[in-house]
Amino acid sequence: MKAAVWHGHKDVRIEKVPVPAPGPNQILIRVDYAGICGTDRHEYAGPNFIPTLTPHRLTGRTAPLIMGHEFSGRVEAVGSDVRGYEKGEAVTANGSLTCGVCEMCRNGRYNICRKLGFLGVGDDGCFAEYVTVDADKVFRIPKGVTQRQAAVAEPLACGIHAAHLVGDLNGKLVVVIGAGIIGIGAFYGAKLAGAKEVLVVGRNDHKREIIERIGGRYLNTTDRDLNRYVEEWSDGQLADVVYECAGTQETLDLCIPVCKPGGTIMVMGVFETPPRVDLNTLQEAERKILTSQAHINEIGEALACIEQGKIDAEELITKEIRLENLVEEGFEELLRNSGRHVKVLIHISE
Ligand SMILES: [Zn+2]
Ligand SMILES: [Zn+2]
């Protein structure tokens, strides 16, 4: 089969490799669409999490390995212990790799497993014609959802999971800093949980149209000062919840001043360098800081919301490419024009 294999920074090769065989508890899936995640772009350009010298803590793998963890596909074959799936069924999966025995795995919070890994980082991923996934991480795609739409469910599940952790969002004023797919996932998570209004904040106008079309309010911080805007928008009350979805010092610094006393800051961004946190401003008004990691079973919720028309997945797909062109039309395009894209999909099956 064809696969995008990571060998090193800026060294991703489209190669012919053997089709993997499913283990006893696994399903072999023929991939229809795969999504390029911010983490994949990091693996391409660096710094990377794909192990090169020290074997992965769960799987023992090191590079080279096949990239990718967001996808939709169809069941091709099932392992000897898997029941209930038939060849051809439309499925997607949670791409996390978990130990199954640590305290968090046993309590159902496998997204924070002690040995957590991801397909495409700790084991062979889905930028390939076939991928194997543990059967308990597979989700059926509802009839009313296309394979293209289903490939976007994974990043949206991150936003739904974060909203679950925030708790009561009903009637709340929410600010989301960062207008990429994680910010849009946070937007949907808050909206679906009943937020009164969600302001999404970016640094240019590329995303304004998309955010407004899906029912958000958009602010370009190069046009207007965020603090003053939020003061006015909230009648001086400030935001109940502020999401950090960009992972930079600059965006983290924007969060605290617009969060009301007693309010909540939810960090979803992944930081390249450890940021400073202004704990004094947090502490002086009992602002809370929460963090969110991936998701548990929220892909099912994301798929249901797409089916019910509560999430417009098509709106989020800004480009579709073929696997052969992954480097130039995918990674390099995202490095040149990251601000223009929400989700770039790779159409893999014929
Ligand atoms: Zn992802
Ligand atoms: Zn575990």
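Just a few scattered comments:
- Residues located in the range 83-95, provided they are within 16 Å of ligand 1 (Cβ to nearest atom) and out of contact with any strand residue (DSSP E or B) (no Cβ under 6 Å at 6 or more places or on another chain): Asn94
- Qualifying residue in the range 22-29 (condition: away from ligand 2 (no atom under 16 Å from the Cβ), within 14 Å of Gly95 (Cβ to Cβ) and in contact with a helix residue (DSSP H, G or I) (Cβ under 9 Å, 6 or more places away or on another chain)): yes
- Where helices (runs of 4 or more DSSP H) fall wholly inside the range 238-324, the ranges with 2 or more residues that are more than 22 Å from Gly46 (Cα to Cα) and among the charged types (D, E, K, R) are 298-307.
- Failed criterion for Pro155 (all others in (1) over 22 Å from Lys343 (Cβ atoms); (2) within 16 Å of ligand 1 (Cβ to nearest atom) hold): (1)
- Identity of the residue in the range 69-91, surrounded by fewer than 22 Cβ atoms within 10 Å (Cβ to Cβ) and among the hydroxyl-bearing types (Ser, Thr, Tyr), that ends up farthest from Ala150 (Cα to Cα): Ser80
- Val121 assigned by TED's automatic domain parsing to the domain that holds Leu65 and within 15 Å of ligand 1 (Cβ to nearest atom): yes
- A residue that is touching a residue at least 60 places away in the same chain (Cβ under 8 Å), hydrophobic (A, V, I, L, M, F, W, C) and closer than 25 Å to Val270 by Cα can be found somewhere in the range 19-35.
- Selection status of Val133, farther than 22 Å from Leu316 by Cβ and of a type in the set (Val, Ile, Thr): yes
- Where His7 falls short, out of the listed (1) of a type outside the set (S, T, N, Q); (2) under 21 Å from the mean Cα position of the chain (by Cα); (3) exposed (fewer than 15 other Cβ atoms within 10 Å of the Cβ); (4) part of a strand (DSSP E or B): (2)
- Residue among Asn94, Asn107, Asn25 that is assigned by TED's automatic domain parsing to the domain that holds Val138, buried (at least 21 other Cβ atoms within 10 Å of the Cβ), at pLDDT 95 or above and more than 16 Å from Ala128 (Cα to Cα): Asn94
- Verdict on Leu316 being surrounded by 15 or more Cβ atoms within 10 Å (Cβ to Cβ) and farther than 19 Å from Pro155 by Cα: no
- Filter result for Val342 (assigned by TED's automatic domain parsing to the domain that holds His42, under 28 Å from Leu97 (Cα atoms) and in contact with a helix residue (DSSP H, G or I) (Cβ under 7 Å, 6 or more places away or on another chain)): yes
- Pick from the range 167-189, criterion assigned to a loop (DSSP other than H, G, I, E, B) and among the aliphatic types (A, V, I, L, M), ranking: nearest to the chain's Cα centre (by Cα): Ala179
Each row is one residue, and each column tells you yes or no for (1) of a type in the set (A, V, I, L, M, F, W, C); (2) surrounded by 13 or more Cβ atoms within 10 Å (Cβ to Cβ); (3) under 14 Å from Gly35 (Cβ atoms).
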position	(1), (2), (3)
Gly300	no, yes, no
Cys305	yes, yes, no
Phe331	yes, yes, yes
Ile346	yes, yes, yes
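- Qualifying residues in the range 219-237 (those that are in contact with a helix residue (DSSP H, G or I) (Cβ under 6 Å, 6 or more places away or on another chain) and crowded, with 17+ Cβ neighbours inside 10 Å) - the one farthest from Ile256 (Cα to Cα): Leu219
- Flag for Val19 being away from ligand 2 (no atom under 16 Å from the Cβ) and part of a loop (DSSP other than H, G, I, E, B): yes
- Total residues in the range 190-221, condition touching a strand residue (DSSP E or B) at 6+ places or on another chain (Cβ under 9 Å) and either of a type in the set (D, E, K, R) or not in a loop (DSSP other than H, G, I, E, B) (or both): 21
The values are calculated or read from the model by the stated rules, or taken from the named source; none is laboratory data. Just so you know, these numbers come straight off a predicted model, no measurement behind them. With ideal geometry, Cβ positions are generated from the backbone for all residues, glycine too; neighbour counts draw on all protein chains shown.
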